[in-house]
1. Among the DSSP beta bridges whose two residues both lie in the chain, what percent are antiparallel, rounded to the nearest 5?
2. Could you size up the charge dipole of the chain around its Cα centre, putting +1 on the beta carbon of Lys and Arg and -1 on that of Asp and Glu, and report it in debye to the nearest 20?
3. Among DSSP beta bridges lying fully in region 279-565, give the percent that are antiparallel, nearest 5.
4. Quick one: work out Rg over Rh on the C-alpha atoms of region 429-566, Rh as Kirkwood radius.
5. Show me the ranking of peptides 43-52, 552-561, 226-235, 271-280 by mean Cβ neighbours inside 10 Å, starting with the highest.
6. Volume per residue, Å³, of the convex hull around the alpha-carbon atoms of the chain?
7. For a quick check: sort E39, E195 by the number of other beta carbons within 10 angstrom, fewest at the front.
8. Taking the dipole about the Cα centre of the chain, with the C-beta of Lys and Arg at +1 and of Asp and Glu at -1, give me whichever of Q230, L179, I353 is farthest to the positive side.
Amino acid sequence: MEIYKGASAFAGIAIGKIRFYRKGEYQIRQHQADDVKKELKNFDVARRHVMQTLKEEYDRMSEKQMDTADPELDMEPQPLDRIVKVNGENGTNQILEQAELLGSGSFLRAVQSMITGEKVTAAYAVQTTRDEMQSTFSRLNDPTIKERIHNVSRISSLLLEILGEDENKIDLGEEPVILAADALSLAELMEMDKEKLLGIVTRKGSATSHAAILAKNMDIPCVTGIGIPQSEEEWEDSIAIIDGYTGTIYLEPDNEVRKEYEIRRKADLVERESLLKLKDKGDITKDGREVGIYANIGSLDDLNSALYYGAKGIGLLRSEFQYLGRENYPGEEELFQAYKKTAETMGDRLVVIRTADLGADKQASYLEIPVETNPLMGNRGIRLSLDRKNLFKTQIRAIYRASWYGNLGMMYPMICSEEEMDEVEALVMEVKEELKAAGVPFKEIRTGIMMETPAAVMIGEELAKRVDFLGIGTNDLTQYTLAMDRQNPLLQKKYDDHHPAILKMIKMIVDAGHAQNCKVCLCGELAADTRLTETFLQMGVDALSVVPACILPVRKALRAVCIAEM
Ligand code: PEP
Ligand code: MG
């Protein structure tokens with residue numbers, strides 16, 4: 001038996017076989033082609049169709065630009081010699097470049113050689129080639145390169161419309177397993193079947209990294225910062241025990257230890273079972289003060305567990321999850337349908353949608369976020385949304401349209417200044433005017449600000465004047481206050497979210513909010529830390545928002561507190 005110590009990211013006990021997840025290799029295995037010749041042919045057929053589309057587009061645009069020229073964009077690999085370039089007209093030049101990439105250029109060669117060399121499907125080769133080219137080019141800050149990224153992405157989308165996107169689900173096999181990995185990204189975890197996951201062990205990451213937060217949402221024990229040996233094969237198929245309470249892994253446990261943990265696991269289940277009697281009980285302290293417990297969720301899948309555990313509402317819907325693990329932006333209709341369904345499912349209960357907090361560790365290749373030296377301090381959250389007004393307005397419009405169907409609220413992430421709020425308010429106003437003009441019904445909804453930067457804390461009252469509620473994001477607030485990356489496993493022991501500076505800031509936010517009649521909800525991971533429930537209530541926090549699986553333990557702690565006695 002070997003014992004490894006790491007950090008607990010989520011409690012619980014799991015016993016099972018280990019499967020080691022290796023990024024690239026896993027995906028290639030999944031997208032293996034049975035017949036390479038057929039894949040090359042499929043690619044060629046798709047390529048010819050796309051060439052035809054480009055030719056038609058080119059003809060249409062050229063007709064508009066000049067009366068006489070009728071350039072021929074042939075379907076064969078050499079057609080470009082015969083195309084007459086229309087002087088500097090941007091649209092037509094772009095089409096020519098797209099045709100060139102497909103006709104004889106680097107993109108074509110890369111896809112073909114990937115299909116033959118790695119024996120993968122045409123769709124997978126297109127997706128991977130596009131991602132690789134984008135990530136190589138995005139490091140360069142040059143307008144022609146940006147154009148090239150756009151062109152690669154355009155032809156890939158056209159090709160994938162014909163080839164179909166390869167199903168991205170990561171297959172974990174028949175039996176549920178304990179997943180071990182170097183690191184897991186949010187997108188990868190989202191592609192896995194929750195039913196097949198007994199637990200998660202990673203070398204990198206931390207309790208407040210977003211992949212760990214997703215594991216919590218899935219209610220799966222998770223331990224990070226484990227010194228998995230470099231020869232990972234040693235772990236593959238071994239039996240392991242994860243003790244998510246203490247952050248310990250037992251590899252090939254002795255009989256004694258295994259027996260002991262079988263008993264503990266049963267006791268754990270009994271304890272969870274006994275907590276279930278609190279499902280329908282109120283969030284009321286011993287002396288009768290109500291402090292609502294809400295749920296943090298990442299997707300519609302979590303709504304059932306939020307309702308099951310009796311959440312008062314959704315205190316934080318991490319809306320950016322809907323933008324991850326996919327090939328293109330979700331459109332307004334898709335967003336609207338998801339928000340409408342959430343609003344309808346929760347009925348009268350409040351649902352707070354946090355607008356997309358993209359950037360930093362929440363990346364998708366189609367977002368084309370240039371590589372940053374320091375992404376956590378980079379163009380993320382509200383900064384990115386204000387930079388990409390279309391993206392932001394589309395989301396706000398979808399939220400307002402869905403407001404008609406329930407009790408929605410909207411909250412803005414990573415706010416640092418009043419100027420950002422000026423811009424946000426102007427956009428919200430624009431959206432509302434547009435909806436009114438189009439006769440689309442919507443309700444006036446409550447708005448809130450995430451307090452997760454020290455700057456926001458210092459101007460707490462000014463910010464509170466502008467909204468109806470404040471949400472305290474202790475994960476980022478701790479990271480930015482202590483200047484410690486929340487995902488760095490080496491800092492796990494030092495990343496102290498009980499630090500007096502953090503507790504003092506929480507109190508400052510509560511006071512600033514209350515001075516301006518704002519309700520204050522704590523929604524970072526710290527909200528689920530029952531060692532502090534009493535302290536938060538004493539500070540005057542109005543609500544706590546936690547992952548669904550933590551609602552009952554927090555309710556238990558809350559119901560044991562008597563504020564009057566404190
Ligand atoms: C936080 O920072 O505490 C928070 C709730 O937001 P996220 O964890 O998604 O960054
Ligand atoms: Mg945050």
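No value in this document is a laboratory result; all are computed from the given coordinates. Since we're looking at a predicted model, the values are computed, not measured. FYI the Cβ positions are ideal-geometry reconstructions off the backbone, even for glycines, and counts take in every protein chain you see.
1. Around 30 percent of the beta bridges assigned by DSSP in the chain are antiparallel ones.
2. 1480 debye
3. Details: 2 of 30 bridges.
The antiparallel proportion sits near 5 percent.
4. In region 429-566, Rg relative to Rh is 1.05.
5. Answer by packing, highest mean first, reads 552-561, 43-52, 226-235, 271-280.
6. Looking at the chain, the number lands at 165 Å³ per residue.
7. E195, E39
8. Looking along the dipole axis, the top candidate is I353.
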